[in-house]
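To keep things clear, I will list the structure first and then write my remarks on it.
The values are calculated or read from the model by the stated rules, or taken from the named source; none is laboratory data. Owing to the predicted nature of the structure, the values given are computational and were not obtained by experimental measurement. Note: ideal-geometry Cβ built from the backbone for every residue, glycine included; neighbour counts use all protein chains shown. Side chains included, ligands, DNA and RNA excluded: accessible areas come from the protein's heavy atoms. Shrake-Rupley method; radii C 1.70, N 1.55, O 1.52, S 1.80 Å.
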Amino acid sequence: MEYGKKIKLLSGIIVFLLASYITGTIFSSGNITKKRASQPILDKAVISKISGIKINLAETGDLFLQKEDKKWYYTYNNKKYPAAADKIENFIDSVFKLTKYQIAGSDSKIWDKFDLTEGKSKDAFFYNSSNNELFSLHIGKKGPAEGSGEYIRTSLSDEVYLIDAPIIRYFTRDLTYWSHLRVLPEDVDSNTIGAVKIKTDNKFRDTMAMLNFSMKREYTKNSSEWKDINGKVIDKNSVDMLLNNIASFAGDSFTEDYITDKNAEIEIETDAYGRIIFDIKVLEEQNVLFGIRGGDYRYEASLYKVERILVSLERIIEELK
């Protein structure tokens with residue numbers, strides 16, 4: 001009987017010690033701090049509600065990004081321009097990955113100490129489709145160690161956090177970074193172009209002679225092939241190179257300058273959009289001005305972007321000789 005009591009007593013002690021160990025492991029201050037550091041500052045359920053962002057850029061001041069029909073735009077000098085959806089989504093993703101890495105305080109009286117007050121902080125405001133503010137993010141001083149991030153706060157609490165990775169990079173980007181500068185629609189590629197015509201004048205003499213070249217896709221029962229105006233078959237790899245260069249044609253920045261005295265034009269036939277014509281003018285300092293004829297936007301770009309198209313065309317012309 002005494003032996004049984006001892007066994008029960010020892011078992012009870014073991015259970016008590018084990019429970020104490022587990023409880024201490026889970027609820028120790030170190031583990032609570034570690035768990036808190038991995039907690040997101042913002043609720044990710046809010047992401048789907050974001051339809052507008054106002055971000056304070058170092059170079060241009062406030063930039064307002066607006067989502068319309070699943071596409072992003074921004075307004076500059078009272079004109080609406082396409083914005084780069086991938087850049088905006090990366091920014092939103094970075095914001096919602098912010099965690100409570102290290103809390104610096106929970107009183108609004110310390111905001112000024114960390115440059116988190118109006119006029120000192122870099123700010124971003126997030127809105128829903130009704131232009132009602134969802135929350136704001138405020139970026140202050142850099143952390144004490146190189147690359148350790150910045151001190152931040154949100155409009156959802158008084159707490160100040162030191163984040164574990166810099167986010168200020170988004171606030172130092174220029175307007176071009178946020179611009180969508182691909183000229184053709186995303187669904188135009190080498191498979192959806194059916195004909196190409198390229199004209200140039202002697203402004204491109206350093207690349208190739210003045211030309212007027214046409215080619216088109218001709219379909220047979222089971223396949224298709226490209227032919228020039230004389231009916232000569234063109235190598236598929238060479239055609240793909242040319243078409244990919246045309247389809248990916250993009251500017252370096254938007255411009256309000258007009259195209260006069262064009263020096264080249266590129267005309268394509270597409271399945272979904274019919275005929276599209278690029279008008280191109282050579283500028284000084286190895287730049288070009290171009291745009292789609294009748295389109296809303298004009299672009300400035302480095303000359304090499306046109307020369308890349310012409311070099312791939314030159315390869316086709318050489319092969320046809």
| field | Matching entry among 164, 187, 174, 158 (being touching a residue at least 60 places away in the same chain (Cβ under 8 Å) and touching a Gly at 6+ places or on another chain (Cβ under 9 Å)) | value | 164
| task | Output the residues belonging to segment 244-257 that are open to solvent by less than 30 Å² (accessible area, probe 1.4 Å) and part of a strand (DSSP E or B). | result | 250, 255
| query | Does segment 113-157 hold any residues that are surrounded by 14 or more Cβ atoms within 10 Å (Cβ to Cβ) and acidic (Asp, Glu), and which are they? | reply | 115, 123, 150
| remark: Note on segment 195-206: residues at pLDDT below 90 and either out of contact with any strand residue (DSSP E or B) (no Cβ under 8 Å at 6 or more places or on another chain) or open to solvent by 70 Å² or more (accessible area, probe 1.4 Å) (or both) are 202, 203, 205, 206
| said: For the structure I just gave you, tell me whether residue 296 is free of Cβ contacts under 8 Å to residues at least 12 places away in the same chain and out of contact with any helix residue (DSSP H, G or I) (no Cβ under 7 Å at 6 or more places or on another chain). | reply: yes
| In segment 296-315, is there at least one residue being open to solvent by 80 Å² or more (accessible area, probe 1.4 Å), of a type outside the set (Val, Ile, Thr) and in contact with a strand residue (DSSP E or B) (Cβ under 6 Å, 6 or more places away or on another chain)? | no
| request: Go through segment 218-257 and give me each residue that's charged (D, E, K, R) and either touching a residue at least 24 places away in the same chain (Cβ under 8 Å) or in contact with a helix residue (DSSP H, G or I) (Cβ under 6 Å, 6 or more places away or on another chain) (or both). | output: 228, 232, 235, 240, 252, 256, 257
| query | When you scan segment 69-108, how many residues do you find that are open to solvent by less than 70 Å² (accessible area, probe 1.4 Å), under 26 Å from residue 250 (Cβ atoms) and over 13 Å from the mean Cα position of the chain (by Cα)? | reply | 3
| query | Taking segment 114-130 only, how many residues are in a loop (DSSP other than H, G, I, E, B) and touching a strand residue (DSSP E or B) at 6+ places or on another chain (Cβ under 6 Å)? | reply | 4
| Which of (1) assigned to a strand (DSSP E or B); (2) open to solvent by 20 Å² or more (accessible area, probe 1.4 Å) does residue 290 not meet, given it meets every other one? | (2)
| said: I need the full set of residues from segment 39-61 which are of a type in the set (D, E, K, R) and in contact (Cβ under 8 Å) with a residue 40 or more places away in the chain, in order please. | reply: 44, 49, 54, 59
| Among the residues of segment 258-274, how many are surrounded by fewer than 11 Cβ atoms within 10 Å (Cβ to Cβ) and either in contact (Cβ under 8 Å) with a residue 12 or more places away in the chain or assigned to a loop (DSSP other than H, G, I, E, B) (or both)? | 4
| message | Anything in segment 229-243 that is surrounded by fewer than 18 Cβ atoms within 10 Å (Cβ to Cβ) and within 13 Å of residue 315 (Cβ to Cβ)? List them, or say none. | response | 235, 236, 237, 240
| Condition met for residue 171 (surrounded by 15 or more Cβ atoms within 10 Å (Cβ to Cβ), among the aromatic types (Phe, Trp, Tyr), under 24 Å from the mean Cα position of the chain (by Cα) and more than 30 Å from residue 262 (Cβ to Cβ)) | yes
